[in-house]
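Engineer: The structure is given below, and queries will be raised subsequently.
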Amino acid sequence: MLNGVDLRARESLAEQIGEDSWEAQLSIGVAAQPAAADRCRVRTEPMRLGSTRVARAFGIDQRFGPGAADCLDPVGSLLVALGASVADSVVTELSAAGCAPALLEVLPCAEFTADGTGRLSYEIRLDGEVPAEQARRAVAAARARGTAHRTLEEPNDIKAVVQTAQDVHLASPPADHDSADRTAVRRRTARVMWEIGTHVLAEADGVHAESDQPKQLFGADLAPSAQEYFLAALAAEALGFADPRAAAPGEPAASVHASGRIDLRGPYSTQDAPVGLRNILVQLLPADPTRADEAAPDAVRRWFAEGDALRLVRDPHPIEVRLVLDGTPVPVPHPENDRTTDTKEPHRAP
Amino acid sequence: MRASTPTTGAATASPAPAHAPARRVEDAFAALHGADTALLVPGVVAATTATLRALTNPGGHIIASDQTADPLRGVLTQELAGLGRTVTFVDSTDADAVLTAVRPETQVVYTQSLSDPLMRPAPLNELAIHAQMNDLLLVVDNTALSPAELRPLETGAVIVIEDTALYLDGWGDVGAALVTGLDRYLPRIAEQCARLGGEVPDWSAHLLERSLSTLQLRLTAQRDGAERVASMLRAHPAVRAVHRPSFDEAPWALETHRGFGGLLAFEVVPEIHDLTGVLAACDDGHTPLGSTARLPARTSHAHLSERVRRELGITRQLVRLAVGVTGADALSGRLRRALDTALAQRNGGDERC
């Protein structure tokens, strides 16, 4: 085991899910409920991993919007998820090559233009005995196999259900905005520091967070996974638009459940399978589900139109990646110009 | 504890060399269950604790057989609770009761293949179907039957644990346990075992290896002996109930079981309070392959309150008997005489009253 990465266990999983595709399906869910005036509590739900369950009871406090506070807002959660996922991919690739970095940091950044269109980038900082070529391969691995990277880079159909007397089904197809040449008016950053294995410490706007994978996916069960942060961002933001009021004691409160699925053959095996989070579904249960008015569906439609985190996940975003090795920037080939390398080893298991 | 496969995680103890006694025992045990790999662990409580920790996460829920006795019961209710797991005890011989206990965070169903001391066989076929339909892992303690009578992996269990004390080690020299099952779970169990520490000495492993080769022969003799003793007990007026499963009572077991091992339990009539003579009659003079008897209410289940014991069906008159490899007919004779004497004393006492 190097860097806390159990390569043999990963190889075993890759072999197993290669043979039994149903064992590769990981279903993840979170549920958000208002906790105070401007925030909610998101609880992770048991995952389904193939024919088994992964039960972890973590809570993530989330603000509904930006502003100084002591917990993450939805965009902050997305940045933490991106950094954690990238760190996992990078350290796995480096471990497979026998490299033990002294430091690995990921600095994700989201910029928003005046019309709310987002741009994403991240910088990977590596210190230690890591050859430049190997570091470039690790960056390529993060691009190719990083769940969060691929989810944010690719378009995603997000579906929502408002559970009232008659369920209202809504869909939000991805929109392709070209924000490359427009001026950013808002900028959000985070700093994700790799600890060991899949465990990372993160900081966004002065708020500290942790992320780790379940032990079934080679983590230590120390904190919510990157994918759970992803869904927590969507659940919290949807709840903020729909009904952020905390209920009085004894009264029902609105709640939002967000779920998604990953085919582990994408990030973990050599097989050609989608890498990102798929089948993203957001279910809103209003405080009074018997009311059949349009308030709740309208709130979800507003979220579809205005939600920053939702648009970052839903719409495709080319992600700029920078690499800094021992304090020196190292050029990273753009994936469009690096197709030879990419096609040779698109999803190579470590 | 050693991990016997090359897929074992690096956080575990170093894999034993192929020629090491521990490795040979692990391979032999795995073969008896039709598995590829196994782990030799110093003690069944450590083996079960490591298995349940490995297969669950903090926040996970375990459904365990209500026949689980101390010290494992204490581990489940205290140590695992401290690690964020919750445990619900149910009658695991009732598949519907197990199904009712399933929660969203349930991960594992843990049961004995044959409950000890009430000798109720768990319907593993049915439990495995429920477990698979609910994405749960079925873990079976097969100590009371051994692979000579039942191979739980064939019914759908994912992990099998066995204490060596009852059958695997015929001479009673080794205190250890063996764990086998699907390859994908064993490295995680090995990692947990390594954290718990301890190792089975090579000499013990060597003794165990020799015993395993005669398991089938010993179990055949013990099974036949237990049947003969049970027949005698059923006909005796001092015996109120005999707990010994049969294919007549559990016809579904014809598909899975070869027999029900050498264990049985019986309850004498409540009027007989002094069971010293009965216990003495079961004693073969502590010969290694002989029979042994105990009162569960005073030994394995002494930690429970009278109320809980009564709910579980463990009365003070319940005697748990492990029939030895030899001397079943002699045991029947001694036991009959002891019961006759106890009955006569009771009748004499009644007359005096």
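Engineer: Within segment B:33-51, track down each residue that is touching a Gly at 6+ places or on another chain (Cβ under 9 Å), in a helix (DSSP H, G or I) and within 14 Å of chain A (Cβ to nearest Cβ).
Structural biologist: Within segment B:33-51, just B:51 meets the criteria.
Engineer: Is it the case that segment A:18-26 has a residue that's within 15 Å of the chain's Cα centre (by Cα) and closer than 23 Å to residue A:281 by Cβ?
Structural biologist: Taking every residue of segment A:18-26 in turn, at least one turns out to be within 15 Å of the chain's Cα centre (by Cα) and closer than 23 Å to residue A:281 by Cβ.
Engineer: Return the pair list, or none, for Cβ contacts closer than 9 Å from residues in segment B:176-189 that are more than 12 Å from chain A (Cβ to nearest Cβ) and among the acidic types (Asp, Glu) to residues that are open to solvent by less than 10 Å² (accessible area, probe 1.4 Å) and assigned to a strand (DSSP E or B), at least 6 apart or on different chains.
Structural biologist: Cβ pairs passing all conditions: none.
Engineer: So if I check each of A:27, A:95, A:121, which one is modelled with pLDDT of 90 or more, in a strand (DSSP E or B) and within 14 Å of chain B (Cβ to nearest Cβ)?
Structural biologist: Criteria check complete, one pass: A:27.
Engineer: Further question: Answer yes or no as to whether residue B:274 is in contact with a helix residue (DSSP H, G or I) (Cβ under 9 Å, 6 or more places away or on another chain), acidic (Asp, Glu) and open to solvent by less than 60 Å² (accessible area, probe 1.4 Å).
Structural biologist: no
Engineer: Can you find even one residue in segment A:237-251 that is away from chain B (no Cβ under 14 Å), buried (at least 18 other Cβ atoms within 10 Å of the Cβ), under 15 Å from the mean Cα position of the chain (by Cα) and within 19 Å of residue A:284 (Cβ to Cβ)?
Structural biologist: Yes - at least one qualifying residue is present in segment A:237-251.
Engineer: Now a separate question. Could you check, for segment A:2-12, whether at least one of its residues is open to solvent by less than 50 Å² (accessible area, probe 1.4 Å) and either free of Cβ contacts under 8 Å to residues at least 40 places away in the same chain or more than 12 Å from chain B (Cβ to nearest Cβ) (or both)?
Structural biologist: yes
Engineer: Determine which member of the set A:77, A:51 is in contact with a helix residue (DSSP H, G or I) (Cβ under 7 Å, 6 or more places away or on another chain) and open to solvent by less than 10 Å² (accessible area, probe 1.4 Å).
Structural biologist: So the residue among A:77, A:51 that is in contact with a helix residue (DSSP H, G or I) (Cβ under 7 Å, 6 or more places away or on another chain) and open to solvent by less than 10 Å² (accessible area, probe 1.4 Å) is A:77.
Listed here are the residues, each with its yes/no results for (1) assigned to a helix (DSSP H, G or I); (2) within 22 Å of residue A:204 (Cα to Cα); (3) of a type outside the set (Phe, Trp, Tyr).
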position: A:18; (1), (2), (3): yes, no, yes
position: A:22; (1), (2), (3): yes, no, no
position: A:35; (1), (2), (3): no, yes, yes
position: A:43; (1), (2), (3): no, yes, yes
position: A:53; (1), (2), (3): no, no, yes
position: A:60; (1), (2), (3): no, yes, yes
position: A:69; (1), (2), (3): no, yes, yes
position: A:80; (1), (2), (3): yes, yes, yes
position: A:102; (1), (2), (3): no, no, yes
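Engineer: Name the single residue, out of those in segment A:13-24 being more than 9 Å from every other protein chain (Cβ to nearest Cβ) and open to solvent by less than 20 Å² (accessible area, probe 1.4 Å), that is nearest to residue A:227 (Cα to Cα).
Structural biologist: The selected residue is A:24.
Engineer: Output the residue which, of all residues in segment B:195-205 that are open to solvent by 40 Å² or more (accessible area, probe 1.4 Å) and not in a loop (DSSP other than H, G, I, E, B), is farthest from the other protein chains (Cβ to nearest Cβ).
Structural biologist: B:203
Engineer: Does at least one position in segment B:11-33 carry a residue that is touching a helix residue (DSSP H, G or I) at 6+ places or on another chain (Cβ under 6 Å), crowded, with 21+ Cβ neighbours inside 10 Å and modelled with pLDDT of 95 or more?
Structural biologist: Taking every residue of segment B:11-33 in turn, at least one turns out to be touching a helix residue (DSSP H, G or I) at 6+ places or on another chain (Cβ under 6 Å), crowded, with 21+ Cβ neighbours inside 10 Å and modelled with pLDDT of 95 or more.
Engineer: Taking into account only those residues within segment B:52-89 that are among the β-branched types (Val, Ile, Thr) and either within 14 Å of chain A (Cβ to nearest Cβ) or surrounded by fewer than 19 Cβ atoms within 10 Å (Cβ to Cβ) (or both), which is nearest to residue A:223 (Cα to Cα)?
Structural biologist: Across segment B:52-89, the extreme among qualifying residues is B:56.
Engineer: Would you confirm, using the coordinates I've provided, whether residue B:250 is open to solvent by less than 10 Å² (accessible area, probe 1.4 Å), over 30 Å from residue A:4 (Cβ atoms) and either at pLDDT 95 or above or assigned by the TED database to the domain that holds residue B:113 (or both)?
Structural biologist: No: the conditions fail for residue B:250.
Engineer: Right, here's the next one. Out of (1) outside any loop (DSSP other than H, G, I, E, B); (2) more than 16 Å from the chain's Cα centre (by Cα); (3) not aliphatic (A, V, I, L, M), what's the single condition that is false for residue A:115?
Structural biologist: It is condition (1) that residue A:115 fails.
The values are calculated or read from the model by the stated rules, or taken from the named source; none is laboratory data. In this text the structure is predicted, and so the values were computed from the model without any measurement. Virtual Cβ from ideal backbone geometry, glycine too; neighbours counted across all protein chains shown. Heads up: the accessible areas ignore ligands, DNA and RNA and are worked out on the full protein's heavy atoms, side chains in. Shrake-Rupley method; radii C 1.70, N 1.55, O 1.52, S 1.80 Å.
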